[in-house]
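Trainee: The structure under discussion is supplied below as structure tokens; questions concerning it will follow.
The values are calculated or read from the model by the stated rules, or taken from the named source; none is laboratory data. None of these values were measured; they are calculated from a predicted model. In this analysis, Cβ positions are derived from the backbone assuming ideal geometry, glycine residues included, and neighbour counts consider all displayed protein chains. Side chains are part of the model used for accessible areas, which takes the heavy atoms of the whole protein and leaves out ligands, DNA and RNA. Shrake-Rupley method; radii C 1.70, N 1.55, O 1.52, S 1.80 Å.
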Amino acid sequence: MSEIWTERYRPKNLSEVIGQKHVTERLKAYAAAGNMPHLLLTGPAGTGKTTCALAMAKELFGDEWKGNFIELNASDERGIDVVRGKIKEFARTAPLGKADFKIIFMDEADALTSDAQAALRRTMERYSRICRFVLSCNYSSKIIDPIQSRCAVFRFRPLTAEDVREYLGKIVKSEAVKIDGPALDGLVHVAKGDLRRAVNSLQVAASTGKNIDIEMIYQTTGMAHPEEVRKMLETALAGNFIAARDMLDEIMISYGLSGQDVIKQIHSTFFEMNMPDSDKVRFIDRTGEIEFRIVEGSSERIQLESLLAYLVLIGESKK
């Protein structure tokens, strides 16, 4: 893959950003006015936070945007020295060209230490005349209150299935990718509102040079086919523990999944199964307990088989 499609098809301006109209309309107003406050962009991964920051800079600064925009990743440089050094040096220099201010975009800002955030707050306050900060994070609760109060907060939503399907359709047409309808639906299902994941998964599947079908999608995305997970659970509820255990073996080996991957799919599958809500409550409660045990270091196989055994017992009691 000589080029990542997520970069090639990144929107060039705010009008091209999909699925976040409640955000882009306000950002367009800032761009039209030629001014903006500090911004805090928060929401799940792959929903357009970085894209909006870049598009905003391009609309504000035009051809000079690269000289007035710097992108940092707080996961790589998260200590107080970075705030006192690189960020402060860029913030204190005058903007280039006719721009009134520069933009410092800090991705994954929730990875900054508390000391670094405290130092950043002071820098934001001191150089606000010639520098604006755009902070991007998945969890705004990890950003200290003094920074949040200095920013206009924009909350990004997971993209809808229709938005993801429409965007993937443009790439499929442009790249002449051969993919059938069920495979495209599977790709949308796997993405769960994360467009970056959907595009990367499509590119990996397309790199084989073959027609993309539903099996290839799940093989390349590290997820089991939902129908296989559903069949395993139904088999356990029918009272056949050994057959359900064999299906668990097949799923984990064929797709190379960890216990946490499997338990997450089991969790989502329960909601899609045709059963009384009271049963779903019991199963979700048990699933949460099993997931906690796995995270704490218990044996994945023993815990997953324990869940299947629990389903067998529930199924037998209902008979």
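Trainee: Given (1) polar (S, T, N, Q); (2) buried (at least 20 other Cβ atoms within 10 Å of the Cβ); (3) within 14 Å of residue 91 (Cβ to Cβ), identify the lone condition not met by residue 128.
Mentor: Every listed condition holds for residue 128 apart from (2).
Trainee: Oh, and also: Name the strands (runs of 3 or more DSSP E) wholly inside region 30-118 in which the number of residues that are at pLDDT 90 or above is 3 or more. Write out each step before concluding.
Mentor: Details: elements: 38-42, 69-73, 102-107.
Filter on region 30-118 gives 38-42, 102-107.
Trainee: Could I ask something else about it? Of the conditions (1) under 24 Å from the mean Cα position of the chain (by Cα); (2) modelled with pLDDT of 90 or more; (3) in a helix (DSSP H, G or I), residue 152 clears all except one; give me its number.
Mentor: All conditions pass for residue 152, except number (3).
Trainee: Moving to a separate point now. List the residue pairs whose Cβ atoms are under 8 Å apart, where the first residue sits in region 223-242 and is farther than 26 Å from residue 190 by Cα, the second is surrounded by fewer than 16 Cβ atoms within 10 Å (Cβ to Cβ) and modelled with pLDDT of 95 or more, and the two are 6 or more positions apart or on different chains.
Mentor: Listed by first residue and then by second, the contacts come to 241/309.
Trainee: Does residue 262 satisfy the condition of being more than 21 Å from residue 287 (Cα to Cα) and of a type in the set (A, V, I, L, M, F, W, C)? Let's see the steps before the verdict.
Mentor: Numbers: more than 21 Å from residue 287 (Cα to Cα): no; of a type in the set (A, V, I, L, M, F, W, C): yes.
For residue 262, the condition - more than 21 Å from residue 287 (Cα to Cα) and of a type in the set (A, V, I, L, M, F, W, C) - is not met.
Trainee: Here's another thing I want to ask about it. For region 131-151, how many residues are surrounded by fewer than 17 Cβ atoms within 10 Å (Cβ to Cβ), hydroxyl-bearing (Ser, Thr, Tyr) and either in contact with a helix residue (DSSP H, G or I) (Cβ under 6 Å, 6 or more places away or on another chain) or closer than 21 Å to residue 93 by Cβ (or both)?
Mentor: 1
Trainee: I've got another one for you. Do you know which residues across region 37-49 are farther than 11 Å from residue 155 by Cα and crowded, with 18+ Cβ neighbours inside 10 Å?
Mentor: Answer for region 37-49, where residues must be farther than 11 Å from residue 155 by Cα and crowded, with 18+ Cβ neighbours inside 10 Å: 38, 46.
Trainee: Got a number for residues in region 291-304 being of a type outside the set (A, V, I, L, M, F, W, C), surrounded by fewer than 16 Cβ atoms within 10 Å (Cβ to Cβ) and touching a helix residue (DSSP H, G or I) at 6+ places or on another chain (Cβ under 8 Å)? Steps first, please.
Mentor: Going residue by residue through region 291-304, those that are of a type outside the set (A, V, I, L, M, F, W, C) are 291, 293, 296-301, 303.
Within this subset, residues satisfying the condition of being surrounded by fewer than 16 Cβ atoms within 10 Å (Cβ to Cβ) are 296-299, 301.
The next check asks that each one be touching a helix residue (DSSP H, G or I) at 6+ places or on another chain (Cβ under 8 Å); those that pass are 301.
Qualifying residue count for the region: 1.
Trainee: Evaluate the following for residue 184: is it buried (at least 18 other Cβ atoms within 10 Å of the Cβ) and not in a helix (DSSP H, G or I)?
Mentor: On the way: buried (at least 18 other Cβ atoms within 10 Å of the Cβ): yes; not in a helix (DSSP H, G or I): no.
When the stated conditions are applied, residue 184 does not pass them.
Trainee: Moving on to the next point. Across region 1-36, which residue is most open to solvent (accessible area, probe 1.4 Å) among those that are without any contact (Cβ under 8 Å) to a residue 24 or more places away in the chain and of a type in the set (S, T, N, Q)?
Mentor: 2
Trainee: Can you find even one residue in region 122-139 that is under 30 Å from residue 223 (Cβ atoms) and either in a loop (DSSP other than H, G, I, E, B) or charged (D, E, K, R) (or both)? Show your work before the answer.
Mentor: In the first step, residues of region 122-139 are kept if they are under 30 Å from residue 223 (Cβ atoms); the result is 136-139.
This time we only want the ones that are either in a loop (DSSP other than H, G, I, E, B) or charged (D, E, K, R) (or both), so: 138-139.
Checked against the condition, which is being under 30 Å from residue 223 (Cβ atoms) and either in a loop (DSSP other than H, G, I, E, B) or charged (D, E, K, R) (or both), region 122-139 yields at least one hit.
Trainee: Which pairs do you get when a residue that is under 16 Å from residue 54 (Cβ atoms), found in region 92-104, comes within reach of a residue that is of a type in the set (Lys, Arg), reach meaning Cβ atoms under 7 angstrom, with the pair 6+ apart or on two chains?
Mentor: Pairs found: 103/132.
Trainee: OK, next. Tell me, please, whether a residue that is in contact with a helix residue (DSSP H, G or I) (Cβ under 7 Å, 6 or more places away or on another chain), buried (at least 20 other Cβ atoms within 10 Å of the Cβ) and either of a type in the set (Val, Ile, Thr) or at pLDDT below 90 (or both) can be found in region 168-175.
Mentor: no
Trainee: Any residue in region 248-268 that is without any contact (Cβ under 8 Å) to a residue 40 or more places away in the chain sitting within a Cβ distance under 7 Å of a residue that is of a type in the set (A, V, I, L, M, F, W, C) and open to solvent by 40 Å² or more (accessible area, probe 1.4 Å)? List the pairs, counting only those 6 or more apart or interchain.
Mentor: 267/284
Trainee: Is it the case, given these coordinates, that residue 159 is outside any strand (DSSP E or B), open to solvent by 20 Å² or more (accessible area, probe 1.4 Å) and touching a helix residue (DSSP H, G or I) at 6+ places or on another chain (Cβ under 9 Å)?
Mentor: Details: outside any strand (DSSP E or B): yes; open to solvent by 20 Å² or more (accessible area, probe 1.4 Å): no; touching a helix residue (DSSP H, G or I) at 6+ places or on another chain (Cβ under 9 Å): yes.
Considered against the rule, which asks whether it is outside any strand (DSSP E or B), open to solvent by 20 Å² or more (accessible area, probe 1.4 Å) and touching a helix residue (DSSP H, G or I) at 6+ places or on another chain (Cβ under 9 Å), residue 159 comes out as no.
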